[in-house]
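One structure is given here, and the rest of the page talks about it.
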Amino acid sequence: MVFSSLTFLFAFLPLFFICYYTAGHFCGLRGRNTVLFLFSMIFYAWGEPVYVLLMFYSTALDYTCGRMIEKYHNAGNMRMKKVFLTVSLIGNLGLLGTFKYLGMFVSTFGSITGLPVPLIQIVLPIGISFYTFQTMSYSIDVYRGQVAAQKDIINFAAYVVMFPQLIAGPVVRYSTIAEELNARSETLDDFAAGLRRFIVGLGKKTLIANTMAQTCDSLFANSADDLGVIGSWVAIIAYTFQIFFDFSGYSDMAIGMGRMMGFHYLENFNYPYIANSVTDFWRRWHISMSTFFRDYVYIPLGGNRVSAKRWIFNIFVTWFLTGLWHGSSWNFVLWGLFFGTILILEKKFLLKLLEGHKILSHIWALFCIVYGWVIFTHESLGSLWDYTKAMFGAYGMTGTGSTGAILLLQRAEVNTVFFIALAAAVLFSMPIAGKIKDRLSRGGTAAISGKMLTLYDVALMLVLFLCTIQLAMGAYNPFIYFRF
């Protein structure tokens, strides 16, 4: 089940909130957390009932390890404390390695050695990269003494399987919502703000990301020599906006639903495409993932408080793992190392060189970001090289293949709807709404603010209506997170 479906919007979500608030009225916080846990399991089991067992395993493993780590910390037994941290790390990384990377490593081993190794095909459990990172970070934080171990198994299970951020993030650390798991209050204002945020995310996903996806997926299905300069750039620009509005849309929906339940998740995106450097981009893009690798990989390795050679090593290890986290294919590793290399170059001299050149630095950042998505979408070096050549004119403006870019663009429905969605994508990639709100709040009155809020709510109802129509018509609605 995905958020952008009629079943979720008009059956699962309303029924959940009815049960959630009813249980809260009669049974308090424990009742609400129990309903959250049960509905989250139903949500996950809707598409993958067998892999619910993995959720139980992950929950039981880290709940037990957290309790034991705290117990032996209080007893002053550092050796056993480390033992249970190690058990948690091996258990989580073993789960991730088996289900996500085993087939990739076995296939690579066979290719390198030439041995007839069997092809291993394991269905990737949805959301495994998110919930294993969350539970692992919990055990690490308990070990570091940054959070207390959760005593209530229902509260901890609700954290692990919480459906708003289960399948597409953000990576919600236990420390972020520890207090709210144990004591929170839901208000009408919070519910309204969360609902608004949810509809914004749904609009991003359904009206913008899906439109971009239909175009880029149609174009990517063709050879690079057919695409030429025009087709290749249209496809990758469409993908650039698809992945942002898809990912940030899901984060908005997760943050909105969390707030409707009384949770306050941290922001996951901060207008990354306005970045003036790649360094700035990674402060704005998928913030929960970036800070995870910073706090649990980069800093423990020594960060930048080491020698120059060691710092470069730390950067490459961190970005190797960041790339690998995104999928079981070596192009993701290449993508990570690509950005790691650029970050080193920026730190060494490029940021100083670009300082004071705002337009040039923004163009530099956008080019690196867009080409990064080219690497991200091509699983073989051969196809990556062909696509790169197409982008820079090796196959002409419209391609030299049998079909040609102009006909492909027509088949990909690059029409009025596409250009409206593209204009919206460009507009909403910038903090326009925030600036309007700030200006109104500085010079306006409470009456004006009230009218603007009413107008905003009317616009959101229109967005919800358009999304419903799109979904009811069976419009293209891909789920990009299956690879994660």
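The values are calculated or read from the model by the stated rules, or taken from the named source; none is laboratory data. Given the structure is predicted, the values throughout are model-derived calculations rather than measurements. Note that each Cβ is placed from the backbone with ideal geometry, even for glycine, and that neighbours are counted across all protein chains shown. Accessible surface is based on the protein model in full, side chains and every heavy atom, while ligands, DNA and RNA are left aside. Shrake-Rupley method; radii C 1.70, N 1.55, O 1.52, S 1.80 Å.
A simple count of charges around Tyr387, restricted to other residues whose Cβ falls under 13 Å of its Cβ and scoring Lys, Arg +1 and Asp, Glu -1, yields -3. Report the far tail of the P(r) of the stretch 212-317, meaning the percent of Cα-Cα pairs longer than 23 Å. Value for the stretch 212-317 (Cα pairs over 23 Å): 51 percent.
Of the accessible area of the stretch 77-163, computed with a 1.4 Å probe over protein heavy atoms only, carbon and sulfur atoms account for 69 percent. For the stretch 350-403, the direction-averaged projected area of the alpha-carbon convex hull comes to 5.1 nm². The Cβ shell under 15 Å around Glu355 holds other residues with a net charge of +2, Lys and Arg each +1, Asp and Glu each -1.
For the stretch 192-232, the residues whose backbone nitrogen is under 15 Å from a point 7 Å from the Cα of Val417, taken along Cα to Cβ, are 206-218.
Between Asn182 and Lys352, the C-beta separation translates, for a Förster distance of 51 Å, into a calculated FRET efficiency of about 0.60. Among the trypsin sites (Lys or Arg not before Pro) within the stretch 127-196, those in coil by DSSP and having at most 15 neighbouring Cβ atoms inside 10 Å are Lys151. Carbon-plus-sulfur fraction of the accessible area of the stretch 369-425, 1.4 Å probe, in percent? That share works out to 63 percent. Calculate, for Ser223 and Val306, the FRET efficiency according to 1/(1 + (r/R0)^6) with r their C-beta to C-beta distance and R0 51 Å; round to the nearest 0.05. The value I calculate is 0.65.
With helices as the sole contributors, the chain gives -22500 deg cm²/dmol at 222 nm; each DSSP H run of n ≥ 4 counts as -39500 (n - 2.57), and the sum is divided by every residue.
Take the Cβ atoms of Thr22 and Thr291, set R0 to 45 Å, and the FRET efficiency comes out at 0.80.
Highest mean first, the peptides 329-339, 103-113 sorted by other C-beta atoms within 10 Å per residue fall in the order 329-339, 103-113.
Taking a 23 Å limit on the Cα-Cα distance, which of the listed pairs Lys309/Lys358; Lys100/Lys309; Lys71/Lys151; Lys309/Lys348; Lys81/Lys151 fall beyond it? Lys309/Lys358; Lys100/Lys309, as the Cα separations exceed 23 Å there. Note that the chain shows a convex hull volume over its alpha carbon atoms of 186 Å³ per residue. Model label sites at Glu379 and Thr400, defined 7 Å from Cα along the beta-carbon direction, differ in position by 2.8 nm. Across the stretch 66-75, coupling constants 3J(HN,Hα) worked out from phi with the 6.51/-1.76/1.60 Karplus curve, θ = phi - 60°, read x, 5, 5, 4, 5, 4, 6, 5, 5, 7 Hz, and Gly and Pro carry x.
Largest accessible area first, the residues Arg294, Arg305 order themselves as Arg305, Arg294 under a 1.4 Å probe with ligands, DNA and RNA left out. Semi-axes of the equivalent ellipsoid of the stretch 215-256 are 28, 8, 5 Å, computed as sqrt(5λ) over the eigenvalues of the C-alpha gyration tensor in descending order.
You can think of it this way: the chain between Phe105 and Ala45 has 18.8 nm of extra reach, that is 0.36 nm per residue less the Cα-Cα gap.
Rounded to whole numbers, the Karplus 3J(HN,Hα) couplings from phi for the stretch 457-474 are 5, 5, 4, 5, 5, 5, 4, 4, 5, 5, 4, 4, 4, 4, 5, 5, 7, x Hz, using 6.51 cos²θ - 1.76 cosθ + 1.60 with θ = phi - 60°, and x at Gly and Pro.
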